[in-house]
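Below is one structure; the comments refer to it alone.
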Amino acid sequence: MTGSVEKVVNVIQGEYEISEDPSVVMTTVLGSCIAVCMFDTTRRIGGLNHFLLPNREGGGGASVRYGAYAMELLINGLLRKGAERARLQAKVFGGASMIGNLRDIGASNAAFARQFLADEGIPCVAESVAGTAARRIRFWPTNGRVRQLMVSAEAISLPPEKPAPIPRPVADEITLF
């Protein structure tokens, strides 16, 4: 029996990746951050970004940690490699409210991503945003498939009285096609 070996590419906060290799699977872990998976299934190319905040307050240089810059890099990178703007589709993940009483950065990030895609005329064909759980996503860039694993924050907390082994996270896994 022969099977293809997946090439896992981890995309951390402030990075983006683009691939047309069918063996590549991009993965990232999100809390309040957003990851946008963008793809052209006709050209069989896609990419993923992972940004921290919608934009930088005040001046300063561009950084992929900020959504406005991360989105431009992802779109322009895909177009340079042969994707067609009219065929681009996106899926949006993350934007959780991870710290209770503070400003909901996750909601701001999700709203930014939706508005940016709408302004660019790129349809968002699926999304999983908000809530209070972290997400691990796996993205196959050549066909646009995404698998998401939700991890409950309560499942990984330890009792304060004494050290204990870290329990296995409680998770729900879904696949978004």
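The values are calculated or read from the model by the stated rules, or taken from the named source; none is laboratory data. Since this is a predicted model, take the numbers as computed values, not measurements. Note: ideal-geometry Cβ built from the backbone for every residue, glycine included; neighbour counts use all protein chains shown. When the accessible area is computed, the model is the full protein with side chains, heavy atoms only, and any ligands, DNA or RNA have been set aside. Shrake-Rupley method; radii C 1.70, N 1.55, O 1.52, S 1.80 Å.
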- Ignoring ligands and nucleic acids, THR42 exposes an accessible area, probe 1.4 Å, in Å² to the nearest 10, of 100 Å²
- Task: Could you please put ARG103, ARG44, ARG87 in sequence from largest to smallest accessible area, using a 1.4 Å probe?
- Result: ARG103, ARG44, ARG87
- Query: Where Lys and Arg each count +1 and Asp and Glu each count -1, what net charge lies around VAL29 among other residues with Cβ under 10 Å from its Cβ?
  - Reply: +2
- Task: Find the relative contact order for segment 7-153 and round it to a whole percent, using C-alpha pairs within less than 8 Å whose residues are 6+ positions apart.
- Result: 31 percent
